[in-house]
1. Any idea which of (1) surrounded by 10 or more Cβ atoms within 10 Å (Cβ to Cβ); (2) out of contact with any helix residue (DSSP H, G or I) (no Cβ under 6 Å at 6 or more places or on another chain); (3) at pLDDT 50 or above is the one residue 62 doesn't satisfy?
2. Among the numbered conditions (1) out of contact with any strand residue (DSSP E or B) (no Cβ under 7 Å at 6 or more places or on another chain); (2) assigned to a loop (DSSP other than H, G, I, E, B); (3) surrounded by 16 or more Cβ atoms within 10 Å (Cβ to Cβ), tell me where residue 195 comes up short.
3. So if I check each of 178, 174, which one is touching a helix residue (DSSP H, G or I) at 6+ places or on another chain (Cβ under 7 Å), surrounded by 13 or more Cβ atoms within 10 Å (Cβ to Cβ) and not in a helix (DSSP H, G or I)?
4. Mind checking which residues of the stretch 123-134 are surrounded by fewer than 24 Cβ atoms within 10 Å (Cβ to Cβ) and farther than 11 Å from residue 189 by Cα?
5. Taking the stretch 65-99, which residues are in contact with a helix residue (DSSP H, G or I) (Cβ under 8 Å, 6 or more places away or on another chain), surrounded by 15 or more Cβ atoms within 10 Å (Cβ to Cβ) and not in a helix (DSSP H, G or I)?
6. What is the number of the single condition among (1) in contact (Cβ under 8 Å) with a residue 12 or more places away in the chain; (2) surrounded by 16 or more Cβ atoms within 10 Å (Cβ to Cβ); (3) not in a helix (DSSP H, G or I) that residue 153 does not meet?
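The values are calculated or read from the model by the stated rules, or taken from the named source; none is laboratory data. The model shown is predicted, which means the values in this text are computed figures rather than measured ones. Note: ideal-geometry Cβ built from the backbone for every residue, glycine included; neighbour counts use all protein chains shown.
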């Protein structure tokens, strides 16, 4: 009987430990769920804003920045759908909007999330299509350099969606499939490679119609692009 009692206690301990471990894993799973809220930036936020605008709920700028106007629109949508109206676009809200969630930034680099990398790669692919790889990295570097420059917005989405900044956003080039090399170029630029030499502008002299850009001091030329300060 004594041996049976000891065995029973051992089984009970194993069960309790398993329950605790399962609970911890469940909490970890919940903590890494995708959500967008005030302060979030990136492609997922852009999709949310676009969906809400199409529904006639959001009338602000589609800039990939989750501000108070976006939160207010999300709250309105949540009320319509019978979802807890907390202004946070969590899994349930994203599903109702038809927006697929991200991986939670696990493949991001430093302060840049996976959504940021995707956004940067999308612009690089459209703006530097057909350019040598070094030129693709240089275009990505220019975008990152602008974030740190006082004359430009201080966020990636702010720089990308600044009116008139990138022609691919208006000529449809941004809708083309993103190349694998563009993703690699985006990551290399984020990791510190800057073939542009610190440039904050670039242009193709055969295509540009902006006379002002021709006055900018040229730092280097890569492929068909001139990179300038």
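1. Residue 62 satisfies all of (1) surrounded by 10 or more Cβ atoms within 10 Å (Cβ to Cβ); (2) out of contact with any helix residue (DSSP H, G or I) (no Cβ under 6 Å at 6 or more places or on another chain); (3) at pLDDT 50 or above except (2).
2. That leaves (1) as the condition not met.
3. Sole residue among the options that is touching a helix residue (DSSP H, G or I) at 6+ places or on another chain (Cβ under 7 Å), surrounded by 13 or more Cβ atoms within 10 Å (Cβ to Cβ) and not in a helix (DSSP H, G or I): 178.
4. Taking the stretch 123-134 first, the residues surrounded by fewer than 24 Cβ atoms within 10 Å (Cβ to Cβ) are 126, 129-134.
126, 129, 130, 131, 132, 133, listed by residue number.
5. Of everything in the stretch 65-99, those that are in contact with a helix residue (DSSP H, G or I) (Cβ under 8 Å, 6 or more places away or on another chain), surrounded by 15 or more Cβ atoms within 10 Å (Cβ to Cβ) and not in a helix (DSSP H, G or I) turn out to be 65, 66, 83, 85, 87, 88, 89, 99.
6. Among (1) in contact (Cβ under 8 Å) with a residue 12 or more places away in the chain; (2) surrounded by 16 or more Cβ atoms within 10 Å (Cβ to Cβ); (3) not in a helix (DSSP H, G or I), residue 153 violates only (1).
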